[in-house]
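Trainee: Mind looking over this structure? Questions follow.
The values are calculated or read from the model by the stated rules, or taken from the named source; none is laboratory data. A quick note: this is a predicted structure, and the numbers were derived from the prediction, not measured. So basically every Cβ, Gly included, is an ideal-geometry build from the backbone, and we count neighbours across all protein chains shown. Keep in mind that these areas ignore ligands, DNA and RNA; they rest on the heavy atoms of the full protein, side chains included. Shrake-Rupley method; radii C 1.70, N 1.55, O 1.52, S 1.80 Å.
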Amino acid sequence: MVKQDHPRRNPSRTQKKCSQMSSFKDLNLQERSGSDHSPPAETSLSPPGDLQEHQRGFASKVYLHAAAVFQNYHPEKPVAIRLISYGKKMTRPVPDASDDASRRCAYELAFNTLKYQDLLEDIMIDSCLFLTQPMPDDMMSLVAVMLYDFQDRKFLPRELLSSEPEEEEVPEVREVEEHLLRSKTRLAASLARCRIKHNLVTIDTILPDSVREMQVRASCQPIYAWVNTLKTSLAEVCDLLKTEGFSQVTSVGRLERRSFCHDRNCQDLLVFTPQQKAELSRTKLLSQYKLLIQDKSCCLGPCAVRPLLVPEGDVLMAGSFSALTVAHVAAIAASLPPLPQDSGAQTPSQVLVCGGEQQAARGKEMQETLNNVGCRNVKLIPEDFISLDVCDVRVQKVHLVLLMPQCSVSAVCNPVEYLLQENGDIDLLRDLSQGSISRGILDSLVSQQKNLVNHALRFPKVQAVVYSTCSVYPDENEELLTAALAQAREQESKLRPFRLSGTELLHSHVADEGETQTDGRFFRLEPSADSNGCFVAVLTREPEAIETPQEVLARAAAKGLLDGIYPSQPAKKDRRGRQRHQAPRCASQPRPRASRGNQSDVREFQASQMKDSSSKPLVGSYRSQGSVPSGGTDLQVQLEPQLCQ
């Protein structure tokens, strides 16, 4: 296209490379068939039921941030068929919005633009949007995100709320906005023609089936909130809700306005309708951090930790998660009943967070959240989990490892909100907007996850590992864990190997539509209108074998410790089948005694038996003083007279 000077344009900007859209010259709106068709009633690309917070537009900083995200993550088309160019990817940091709400709006706007990129480009081309006023390539991302928002507002002007402070005008945003307003009639007509061309009953029909299905589910999912037992109790919260006019129902399917129910999998989780967030805020449960809203898929991992905790045993967390997830685990660990009074001094269980300084880099969010929730049992370890030495003195009391690695979040219906809240990988937005994860990205994620699992299995004092993802791919779930356990068994180690343990405590007693219970070794929650999907597995060490007295004697005889002390061969029989007895030993005949070397060997053998068979705390059980397993230390007491004679 030949560049044309415009009186409002900055001279330096006109020198930039402009989008090559020469095909616009062949488009004549008056000659196109179907131009007389009136636009259908529905001309918005907004997902059904999408509750947009800013119905009249966003602040300029939100558009700039969304444009930068779109420019970095949009899929590039081959040069031969590329009609609109968005310039080079930004090498400088993405300009971030000033607050979390604006940041979330920017990423939601960029994600929606990614989903409808093809349709938006068709509208721009069909309407000859830049036939009279070309735009530089590096501004086309801003045009795309503002065009999506413009049609979402039914092509009405942007009006900021009176409660919002006046913002500093950004020339680029103002220029694009004025150009879109001048072309609104052509843009609306082009959108209508595109719907007719693609035979779209509704606008979202153009999306892949998987994206459209997730979009519909996200619009009606309920709110989940876990009870902070550091400040209150489940019964107290339920009583307070009832006094505020809420009614308790038995299941999610019975939820109505001003009602709640207990979750079927997590005992400290309550469920509300999506319209009740404002009403919950009026109860002060949220502002006082007695009730914390979080997605259910993020709560199942911490809930799986509860039955595996032991007194004085620490929990080590690694992966990608939010401060709320850390606080949830800390609250569960702090609620563990103490040991009996006569068990001596005891140290409360600690929650160790790997990469803690990196997790709290954004405005010290983690430390602030932990303080608000009331957590006093969390310690941040600056090292990455993979680089943490298994013999480090800080992890010698770690009894359990909770792994929540970065995953494809393919089971999440609203990926933007999840990735932002749980510190996920924003690079996944491009693939998620198209409905599938590329093989290269999936392989990279699986490699990272496998490294985390392999390292967790190397900690000598760890008795259990909980693994949780929000993925529907077996590559990240069952297949990965099965391969990791097989690899660990092949390695020569004196440690007892891990095995897959059941997750029965997470399974509901009532069969539900979204829950899959085909394999008791894993817990899988399929994405549905009730919740996002999730996968949880528990790995525990194999129990220590308890030997019978005969097995102990046989092993001692094999080591040569019973030579001359205990007969290793049965008494011989004569030809008639009768046993031949030795003549009774005279009183003056001394009894055979073991040599000093044999006595030393016996003592060493006894010491090893005492050490191997000593009582160890089992997963999810308490250790009482003075108790020993049957067939363990008592066995040595029984054998001692025989071994020492």
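Trainee: Please specify each residue of the range 219-240 satisfying the condition of being part of a helix (DSSP H, G or I) and either touching a strand residue (DSSP E or B) at 6+ places or on another chain (Cβ under 6 Å) or closer than 30 Å to Asp126 by Cβ (or both). If you could, list the steps in order and put the result at the bottom.
Mentor: Here is the first cut: in the range 219-240, the residues part of a helix (DSSP H, G or I) are 234-240.
If the condition is that a residue be part of a helix (DSSP H, G or I) and either touching a strand residue (DSSP E or B) at 6+ places or on another chain (Cβ under 6 Å) or closer than 30 Å to Asp126 by Cβ (or both), then Leu234, Val237 are the ones that fit.
Trainee: If you don't mind, another one. Given the criterion open to solvent by 10 Å² or more (accessible area, probe 1.4 Å), within 25 Å of Ser468 (Cβ to Cβ), touching a helix residue (DSSP H, G or I) at 6+ places or on another chain (Cβ under 7 Å) and of a type in the set (Lys, Arg), identify the matching residue among Arg264, Arg306, Arg258. First the steps, then the outcome.
Mentor: On the way: Arg264 fails: touching a helix residue (DSSP H, G or I) at 6+ places or on another chain (Cβ under 7 Å); Arg258 fails: within 25 Å of Ser468 (Cβ to Cβ).
Sole residue among the options that is open to solvent by 10 Å² or more (accessible area, probe 1.4 Å), within 25 Å of Ser468 (Cβ to Cβ), touching a helix residue (DSSP H, G or I) at 6+ places or on another chain (Cβ under 7 Å) and of a type in the set (Lys, Arg): Arg306.
Trainee: May I pose another question? Among the residues of the range 433-452, write down those that are open to solvent by less than 50 Å² (accessible area, probe 1.4 Å), in contact (Cβ under 8 Å) with a residue 60 or more places away in the chain and not hydroxyl-bearing (Ser, Thr, Tyr).
Mentor: Correct list: Gly435, Leu452.
Trainee: If you go through the range 356-384 one residue at a time, how many are at pLDDT 75 or above and either aromatic (Phe, Trp, Tyr) or touching a Ser or Thr at 6+ places or on another chain (Cβ under 9 Å) (or both)? Spell out how you get there, then give the answer.
Mentor: Of all residues in the range 356-384, those at pLDDT 75 or above come to 365-384.
When the remaining residues are screened for being either aromatic (Phe, Trp, Tyr) or touching a Ser or Thr at 6+ places or on another chain (Cβ under 9 Å) (or both), the result is 365-366, 369, 375, 377.
Residues flagged as at pLDDT 75 or above and either aromatic (Phe, Trp, Tyr) or touching a Ser or Thr at 6+ places or on another chain (Cβ under 9 Å) (or both) within the range 356-384 amount to 5.
Trainee: How do the strands (runs of 3 or more DSSP E) wholly within the range 241-322 filter down when requiring 3 or more residues that are closer than 26 Å to Glu365 by Cβ: which remain?
Mentor: Numbers: elements: 259-262, 269-272, 291-293, 314-319.
Result: 269-272, 291-293, 314-319.
Trainee: Sort through Leu500, Leu506, Leu562 and tell me the only one that's surrounded by 14 or more Cβ atoms within 10 Å (Cβ to Cβ) and modelled with pLDDT of 80 or more. Before the answer, list the steps.
Mentor: Details: Leu506 fails: modelled with pLDDT of 80 or more; Leu562 fails: modelled with pLDDT of 80 or more.
The conditions single out Leu500.
Trainee: If you don't mind, another one. For the range 177-209, how many residues are assigned to a helix (DSSP H, G or I), open to solvent by less than 20 Å² (accessible area, probe 1.4 Å) and touching a residue at least 60 places away in the same chain (Cβ under 8 Å)? Working first, answer last.
Mentor: Step one: of the range 177-209, the residues assigned to a helix (DSSP H, G or I) are 177-182, 184-197, 203-206, 209.
With the extra rule that they be open to solvent by less than 20 Å² (accessible area, probe 1.4 Å), the set shrinks to 177, 179-180, 187, 190-192, 194-195, 203-204.
If we keep only those that are touching a residue at least 60 places away in the same chain (Cβ under 8 Å) as well, we get 187, 190-192, 194-195, 203-204.
Selection size over the range 177-209: 8.
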